[in-house]
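The values are calculated or read from the model by the stated rules, or taken from the named source; none is laboratory data. All values reported here derive from a predicted model rather than from experimental measurement. Here the Cβ positions follow ideal geometry from the backbone for every residue, glycine too, while neighbour counts run over all protein chains shown.
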Amino acid sequence: MLKASLIFALKTSLPVILGYLAIGSAFGLIIQNNSYPISLAIFMSILIYAGAGQYAAAGLFAAGSGYAEAALTVFLINSRHMIYGFSMRDKFQNALPYTPYLIFGLTDETFGLLSAAKIPPELPRARVYFYITLFNQISWVLGTVAGFYIGEVIPFDFRGVEFALTALFVVLLMEQWKNRRDNSPFIIALVSTALAFLIFGAKNMLIAAFPLSILGAIGASLKKIKDA
């Protein structure tokens, strides 16, 4: 049963593992390019473990921002994970002793896998969730370390490196779009992001897009309840 759970989790995680090795490497390259030590890269990838947040924090450090500003920015960027957590409440029930780590490791990509994974009934669901989450983080840490040392050995053109994370988001979005019957959340997010960009500009669009998306989702839910 243990072997079957590991094999299933590894197969399920493989697309994210490959993506995390790539974008983790990009993060390691950014850290190395800004002359920060490998210890900082490993620390952030183990204890923060938030791709977009880590990219943003590295940029803020490079711009001379303080720790408080970086911490606040990372918190705002990753506050969406709280919503993920609420939506996974039923799946994580009776998942002890794995629950704390499952909550911590719920990245965008892991959420996409866990919410769509069709786990065979004979496998222990909580343990499979744990393995998927763990495999994803291990690949992120390994990618970070590899990218850092690659940056020390090989001259690298950093133009476009930050787009690696966006590219992975797009792939996962396409997969979710194909597997869901109701794609209204994606449309709400798209419209909210476009409005936030037009009204608040590129610098503030992320903070504005979150509440707009939440309001749109609440409105859509109320309409469904009314129609029912």
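Within the stretch 97-109, being buried (at least 19 other Cβ atoms within 10 Å of the Cβ) and either within 11 Å of the chain's Cα centre (by Cα) or among the polar types (S, T, N, Q) (or both) holds for G105, L106, T107, D108, E109. Taken over the stretch 71-122, residues that are farther than 18 Å from I46 by Cβ and assigned to a loop (DSSP other than H, G, I, E, B) amount to 17. Among the residues of the stretch 76-96, some residue qualifies, meaning at least one is surrounded by fewer than 17 Cβ atoms within 10 Å (Cβ to Cβ) and modelled with pLDDT of 80 or more. Here the condition is being of a type outside the set (V, I, T) and under 29 Å from P120 (Cα atoms); of A41, A58, A4, A26, it holds for A4 alone.
Evaluation of S35 against the conditions (1) outside any helix (DSSP H, G or I); (2) under 25 Å from L113 (Cβ atoms); (3) among the polar types (S, T, N, Q) shows that the sole unmet condition is (2).
Screening the stretch 115-155 for residues that are in contact with a helix residue (DSSP H, G or I) (Cβ under 6 Å, 6 or more places away or on another chain) and aliphatic (A, V, I, L, M) and picking the one that is surrounded by the most Cβ atoms within 10 Å (Cβ to Cβ) gives I132. Of all the residues in the stretch 191-206, those that are surrounded by 13 or more Cβ atoms within 10 Å (Cβ to Cβ) and modelled with pLDDT of 70 or more number 9. Per the listing Y36, Y49, the residue uniquely closer than 18 Å to T110 by Cα, surrounded by fewer than 22 Cβ atoms within 10 Å (Cβ to Cβ) and aromatic (F, W, Y) is Y49.
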